[in-house]
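Colleague: One structure, as structure tokens, below. Some questions next.
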Amino acid sequence: MADLIEDKIKNYKTAPFDARFPNTNQTRNCFQNYLDFHRCSKALSSKGQDTSPCEWYQKVYKSLCPMSWGKQITWCLMLCVSTAVIGSLQFGYNTGVINAPDEKVKNFIKNVTLMRTGDPMDDSTLTTVWSVTVSIFNVGGMIGSLSVGTLVDKLGRRKAMLLSNILALIGGGLMGLSAVSTSYELIIVGRLVIGAFCGLCTGLTPMYVGEIAPTALRGAFGTLHQLGVVIGILIAQILGLESLLGSQTLWPLLLALTTVPAVLQSIMLIFCSESPRYLLINLNQEEEARQVLTRLRGHSDVEDDIREMKEEAMKMSMEKKVSIPELFRNPAYRQPIIIAIILQLSQQLSGINAVIYYSTEIFRSAGITGPVFATIGVGAVNTLFTVISLFLVERAGRRTLHMIGLAGMTFCTLLMTISLKLVNTTGAQNVTAVSVAESAPVGGTSAISILAILAVFGFVASFEMGPGPIPWFIVAELFAQGPRPAAIAVAGCCNWTASFLVGLLFPKLLKLCDAYVFIIFLILLIIFFVFTYFRVPETKGRTFEDIASGFSKSAGTSDANYTSPEDVVTMPVTPSSEKFQMTELAGQEKS
């Protein structure tokens, strides 16, 4: 071991490396040097010898590797994250899958009624049945999201995801058998069950991913949930084309296809690790948590993670179990739960669902003959900008990116409102936004119509930069281990409830206000921007316990040992000063 230390000292004296690491090899060497000294320290400690020289070099190399340390992506980590995100894809797929074959399903409902009663179903009853079929998905989502906390506390994160797939198999099976059984009620019940499954997914996936990801990558990995959602929507839109599975005979298969990823995820979960935070904090299984962290991080030095979790566990042991009512009664939890709820509302009440719904009319008014393909284009923009957000979230930060998204959506909403009214005014008299969908394009494609289309794409792009992905995973960051399940349940239920209300009220508001309906969303977007600016903290690079302590401090319930984010990590002042200290220690070693 002494020879290894001497070799490291000689290497440093002859070829000191730059702290900025301009190439990949230097970064890799720095990290390898750190691991070598970590092994030296453990070997010397087992023999009862002095470990201080190794520990000192270990600390220096760790400080000199800011770009590599904490960002080691292992196969185990990628397997666990990818498996969890299949649940996000399921949510997106089942959100968008019912839209493409809507006319076929409506005809099926009318035919079943005719077979049973001998009389055709009137349009009013059909509209009611169809509204129930679509909106029952959100009702199931509310039920599922409220069940997240209880399920993860009793079963853990991994087993909860495994168990939830039973709902996907049941729901998909019911919808797939509806045509064979000549029962449209099976579609409604299946949508309810699938909604409950997706409600669980919207809580389980961000929670699990947030707890296994390194702090430095937590934001980027958290964005993968929204990426899975938009990819799922895009897949549903493509497969729903009449030339694929959206035909008169294949639409039951389209609805039942959700069982395939459920089976795939169940198989992959067998090879995934349980959340180390759940193992240590909830089950007090430190050794198992250490082994899981070693596999996830790719190295055995996980003491910082273990120490942080132990501190959180100690704090939890002095508090009673956090229930949903306690989130609103306790001053330390009240502020973060309000922030979590408002951020979830900023996603659903931003008007994104309304814009996607309205996009077909906008494309038709602009003279586009294939609005279905244009809608798929919106889905592609959705996916593209979610990927961009994935790379920006750890650079710009959650708060900044969320405000940029809200600002972009505000501008595009104003642009849409103005351009749509100008299209209607210049195209013809007495033309409304609703009637555009029922008639041929007015006056062909104009510059104003193109402006409206660009506003739609800009709105969707801005949404996926911030309000789309961030509310899902920032809720898990705002709370420590104890209140996290209850907080995610409350936030998820608010999201599903808002989605249900928008789907229920928007068609009526559209008929009442026409294009001016977007003024409502414009006002809400401004309110959400102001709230984010003044009340939402930045969570980038901070531990769960540090964020929770910040809220406790602002609520007047913190302890005297609270440290700010800037105090958590101490970096060397300059590379040259570290070089001087290391050379000095090398001389002491030789003497």
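None of the figures in this text is laboratory data; all of them are computed from the coordinates on show. Just so it is clear, the structure is predicted and the values come from calculations on it, not from any experiment. Backbone-built Cβ (ideal geometry, glycine too); neighbour counts: all protein chains shown.
Colleague: Between Leu126 and Leu454, what is the label-point separation in nm under the 7 Å Cα-to-beta-carbon projection?
Modeller: Each label point lies 7 Å from its Cα, and together they span 4.0 nm.
Colleague: Also, I was wondering about something else. Within 10 Å of each residue's Cβ, count the other Cβ atoms and sort Val105, Val209, Val517 from fewest upward.
Modeller: Values: Val105 23, Val209 27, Val517 20.
Lowest count first: Val517, Val105, Val209.
Colleague: Related question: Expected output is a single nm value to one decimal: the length gained when fully extending between Leu114 and His299, i.e. 0.36 nm times separation in residues minus the C-alpha distance. What is it?
Modeller: Values: separation 185, 0.36 × 185 = 66.60 nm, distance 6.61 nm.
Gain on stretching Leu114 to His299: 60.0 nm.
Colleague: Here's something else I'd like to know. With r as the distance between the Cβ atoms of Ile306 and Phe271 and R0 = 30 Å, compute the FRET efficiency 1/(1 + (r/R0)^6) and round to 0.05.
Modeller: Once the sixth-power term is evaluated, E becomes 0.80.
Colleague: In nanometres, what is the gap between the two model label sites at Ala380 and Ser243, each 7 Å from Cα along Cα-to-Cβ?
Modeller: In this crude spin-label approximation the distance works out to 1.4 nm.
Colleague: Please give the contour-minus-distance gain from Ser82 to Leu155: 0.36 nm per residue of separation, less the Cα-Cα distance, rounded to one decimal in nm. Display every interim value, and only then the final one.
Modeller: On the way: separation 73, 0.36 × 73 = 26.28 nm, distance 2.07 nm.
Result: 24.2 nm gained on full extension.
Colleague: How many angstrom separate the Cα center of the stretch 92-109 from the Cα center of the stretch 291-345?
Modeller: A separation of 40 Å, based on Cα centres.
Colleague: Then there's this: What is the gain in length, in nm to one decimal, between Phe411 and Glu287 on full extension, counting 0.36 nm per residue of separation less the C-alpha to C-alpha distance?
Modeller: On the way: separation 124, 0.36 × 124 = 44.64 nm, distance 5.26 nm.
Using 0.36 nm per residue and subtracting the Cα-Cα distance, I get 39.4 nm.
Colleague: May I ask which of Lys159/Lys540; Lys154/Lys315; Lys106/Lys159; Lys110/Lys421; Lys104/Lys159 have a Cα-Cα span longer than 27 Å here?
Modeller: On the way: Lys159/Lys540 29 Å; Lys154/Lys315 20 Å; Lys106/Lys159 38 Å; Lys110/Lys421 37 Å; Lys104/Lys159 37 Å.
With Cα atoms farther than 27 Å apart: Lys159/Lys540; Lys106/Lys159; Lys110/Lys421; Lys104/Lys159.
Colleague: Evaluate E = 1/(1 + (r/R0)^6) for Leu501 and Asp102, where r is the Cβ-Cβ distance and R0 equals 25 Å; express this FRET efficiency to the nearest 0.05.
Modeller: Working: r = 21 Å, r/R0 = 0.83.
For Leu501 and Asp102, the calculated efficiency is 0.75.
Colleague: Only counting other Cβ atoms within 10 Å, I'd like Tyr208, Tyr93 sorted with the fewest neighbours first.
Modeller: Tyr93, Tyr208
Colleague: Separate question: Looking at the square roots a ≥ b ≥ c of the eigenvalues of the Cα gyration tensor of the stretch 372-415, which shape do they give, rounded for a/c under 1.5, prolate if a/b is larger than b/c, or oblate?
Modeller: Details: a/c = 4.76, a/b = 1.36, b/c = 3.51.
Taking the square roots of the gyration eigenvalues as a ≥ b ≥ c, the stretch 372-415 is oblate.
Colleague: Between Leu177 and Lys421, what is the label-point separation in nm under the 7 Å Cα-to-beta-carbon projection?
Modeller: A separation of 5.4 nm, rounded to one decimal place.
Colleague: Ranked by Cβ crowding within 10 angstrom, fewest neighbours first, how are Lys159, Lys315, Lys508 ordered?
Modeller: On the way: Lys159 14, Lys315 18, Lys508 10.
So the ranking, lowest neighbour count to highest, is Lys508, Lys159, Lys315.
Colleague: Once a ≥ b ≥ c are taken as the square roots of the eigenvalues of the Cα gyration tensor of the stretch 201-319, is the result rounded (a/c under 1.5), prolate (a/b larger than b/c) or oblate (a/b not larger than b/c)? If you can, show how the numbers build up before the last one.
Modeller: Values: a/c = 2.99, a/b = 2.80, b/c = 1.07.
Judged from the Cα gyration tensor, the stretch 201-319 comes out prolate (a/c at least 1.5, a/b above b/c).
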